[in-house]
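What follows is a single structure, written as structure tokens, with notes after it.
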Amino acid sequence: MQDFLEFKGEVKKQLEKRRWKYRDLAKAIGVSESTIRSVMCGARGSDEVIKAMTEALNIPPHIGTKAETV
């Protein structure tokens, strides 16, 4: 769970840095906003979506990898 909280915190930090909303991230990686919301609420996201989120936001890969195991 701690790994997920680290991932979630980093996503929020990077979104704020870019002044992005979930819809902006969703558009950048080609998924729906509801998919982003589901991942951020702790629903099991696909490894591909989590990887795309980390790449789009320049989050270190090890943080996204840990979130994939949630």
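Side notes on the structure shown:
- Dipole magnitude (debye, nearest 20) for the chain, charges at Cβ of Lys, Arg, Asp, Glu: 360
- Other residues with beta-carbon under 14 Å from the beta-carbon of Arg23 carry, at +1 per Lys or Arg and -1 per Asp or Glu, a net charge of +3.
- In the list [x] 12.2; [y] 12.8; [z] 11.6, the label attached to Kirkwood radius over Cα pairs in Å as derived from the coordinates here is [z].
- Subtracting the Cα-Cα distance of Ser34 and Ser46 from 0.36 nm times their residue separation leaves 3.0 nm of extension gain.
- Relative contact order, whole percent, for the chain stands at 40, derived from Cα pairs under 8 Å and 6 or more residues apart.
- Inter-label distance, nm, simple model (7 Å from Cα along the C-beta direction), Leu5/Lys21: 2.9
- Based on protein heavy atoms only, the chain ends up with 63 Å² per residue of surface accessible to a 1.4 Å probe.
- The aspartates and glutamates whose alpha-carbon is closer than 20 Å to the alpha-carbon of Lys13, local same-chain residues fewer than 8 away aside, are Asp3, Asp24, Glu33, Glu55, Glu68.
- Ellipticity estimate at 222 nm from DSSP helix runs (n ≥ 4, -39,500 (n - 2.57)) divided over the chain, nearest 500: -21000 deg cm²/dmol
The values are calculated or read from the model by the stated rules, or taken from the named source; none is laboratory data. Just so it is clear, the model here is predicted, and its values are computed rather than measured. Note that each Cβ is placed from the backbone with ideal geometry, even for glycine, and that neighbours are counted across all protein chains shown. All accessible areas refer to the heavy atoms of the entire protein, side chains included, with ligands and DNA or RNA removed. Shrake-Rupley method; radii C 1.70, N 1.55, O 1.52, S 1.80 Å.
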